[in-house]
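Working notes, beginning with the structure itself.
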Amino acid sequence: RIKSEIESLKENAAKYAIRRSLNNMDDNSPSSYYMVGYLDDLEAITPSNLVDSYNELLSDYVCDIFVIGNLDMEEVVSIIDKKFKNRTIKNEKIELYVNNSLRKKSIDVEEIGKYEQDSFIMIYNLDGLDERERNFVVHIYNIILGSGGLTSKLYRYLREENSLCYNVSSMLQKYDGLLMIYSGIDAKDKDLCIELVNKAMKEMSSGEFSDTELNNAIKTIISSLKMGEDTQGGIVNNYLFNYLDNLPLYDERVKEIKKVTKEEVIDVAKKINLNTVYLLKGEDK
């Protein structure tokens, strides 16, 4: 099953392009690792070294247990006490953030694959954001720029006004310190796409977005947070990242999101720097 999942990566042009763009950005960065793993590592697994890894995990790794539900929590604790014997308390801080290096000059990479549509990606470093900017402000920035669907700058410039693509979006990778812009385009339109993305980025750093855009982005994020409160997974993740990263719980996050100002978004825009431009072209292009 794992082998099949690894091999199927190349069947999805968008996923493969994103993975290859990160490999080209920095092949040694944890951000570039494929979470499912690699065939060489998979094929090296034996029953013996699998047991060794399992025992190492039990003895050396932290296991946090989160329980959610309408339960007698004292009874739950009692069950864990009885069943989960291999318990240790470790207080060392888990480092969640990847320190991806900045570039003085961005790189431009083109590769060829067996795809009908070309995939275009631009990777940016988030440089020196403070805690408030990471937790709140950059998310507002991302909605206005490219993840806000039909209302975003990137959608308007690349799709509506120039018909260069079917869809375009920006993806915030908070713990990698990266912002990624992805679109399926025709390779011949690459330079125009770069020009239009640069236009949108420049407008963000010069404050060329309206109060309406800002307020709509705030409402979008608050709506997403409210939806998270309606699922068990969302609630558990809320507490997990509060524990791991001191991320405020839902109610506090909503309060802080509402306080984000246009000036703060502009400040964040000035801390976003281009690292890599990547194009995955079809073989006949």
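The values are calculated or read from the model by the stated rules, or taken from the named source; none is laboratory data. Because the structure is a prediction, the values reported are computed rather than measured. Note that we place each Cβ from the backbone using ideal geometry, even for glycine, and neighbour counts take in every protein chain shown. In case anyone asks, the SASA skips ligands and DNA or RNA and just uses the protein heavy atoms, side chains included. Shrake-Rupley method; radii C 1.70, N 1.55, O 1.52, S 1.80 Å.
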**OP:** Order the following by accessible area, largest value first: 79, 123. Probe radius 1.4 Å; ligands, DNA and RNA are ignored.
**Re:** 79, 123
**OP:** Note down the accessible area of residue 258, probe 1.4 Å, to the nearest 10 Å².
**Re:** 130 Å²
**OP:** Could I have the simple spin-label model distance between residue 116 and residue 63, label points 7 Å from Cα toward Cβ, reported in nm to one decimal?
**Re:** 4.8 nm
Original post:
Can you pull the accessible area of residue 151 for me, 1.4 Å probe, Å² to the nearest 10?
Top reply: 100 Å²
Subject >> Loop-located GluC sites (Glu not before Pro) in the range 114-157, at most 10 other Cβ atoms within 10 Å (DSSP) >> reply: 116
**OP:** Could you tally the net charge around residue 76, taking each other residue with its Cβ under 12 Å from the Cβ of residue 76, Lys/Arg +1 and Asp/Glu -1?
**Re:** -2
Subject >> Given charges at beta-carbon only (K, R positive; D, E negative), |dipole| of the chain in Debye >> reply: 400 debye
**OP:** Please give the net charge around residue 138, taking every other residue with its beta carbon less than 13 angstrom from that of residue 138, where Lys and Arg add +1 and Asp and Glu add -1.
**Re:** -3
Subject >> Potential extension, residue 34-residue 162 segment - 0.36 nm per residue separation minus Cα distance >> reply: 42.7 nm
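Under unit Cβ charges (Lys, Arg +1; Asp, Glu -1), what dipole magnitude, rounded to 20 debye, does the range 1-63 have relative to its Cα centre?
380 debye
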**OP:** Quick one: angle between helix 73-83 and the longest Cα principal axis of the chain, in degrees between 0 and 90, rounded to 10, please.
**Re:** 70 degrees
Original post:
Normalised by the residues of the chain, what does the relative contact order come to in percent, with Cα pairs under 8 Å and at least six apart?
Top reply: 29 percent
Subject >> CD proxy at 222 nm, helix term only [per DSSP H run n ≥ 4: -39500 (n - 2.57); per residue of the chain; nearest 500] >> reply: -12500 deg cm²/dmol
Subject >> chymotrypsin sites (Phe, Trp or Tyr not before Pro) lying in DSSP loop within the range 157-234, provided at most 11 other Cβ fall within 10 Å >> reply: 166
Original post:
In straight Cα distance, which aspartates and glutamates are under 14 Å from residue 202, not counting same-chain residues fewer than 8 positions off?
Top reply: 267
Original post:
Given 148, 170, 138, which one lies farthest toward the positive end of the charge dipole of the range 136-187, if we put +1 on the Cβ of every Lys and Arg and -1 on the Cβ of every Asp and Glu?
Top reply: 138
Original post:
Taking +1 at the Cβ of each Lys and Arg and -1 at the Cβ of each Asp and Glu, which of 183, 243, 231 sits farthest along the dipole of the range 161-285 towards its positive end, judged by Cα position relative to the Cα centre?
Top reply: 243
**OP:** Could you tell me which label, among (1) 1.10; (2) 1.02; (3) 1.16, carries the value of Cα Rg over 2.2 N^0.38 Å calculated for this structure?
**Re:** (3)
Original post:
Antiparallel DSSP bridges in the chain: what percent, to the nearest 5?
Top reply: 75 percent
Original post:
Can you list the GluC sites (Glu not before Pro) in the range 138-204 that are in a DSSP coil and have 14 or fewer other beta carbons within 10 angstrom?
Top reply: 161
Original post:
For the range 242-285 and the range 127-156, what is the separation of their Cα centres, given in Å?
Top reply: 5 Å
Subject >> Unit charges at the beta carbon, dipole of the chain: most positive-side option, 39, 66, 18 >> reply: 18
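Where nothing but the Cβ of Lys and Arg (+1) and of Asp and Glu (-1) is charged, how large is the charge dipole of the range 117-261 around its Cα centre, in debye to the nearest 20?
Details: 16 positive and 22 negative charges, 42 e Å.
For this selection, approximately 200 debye.
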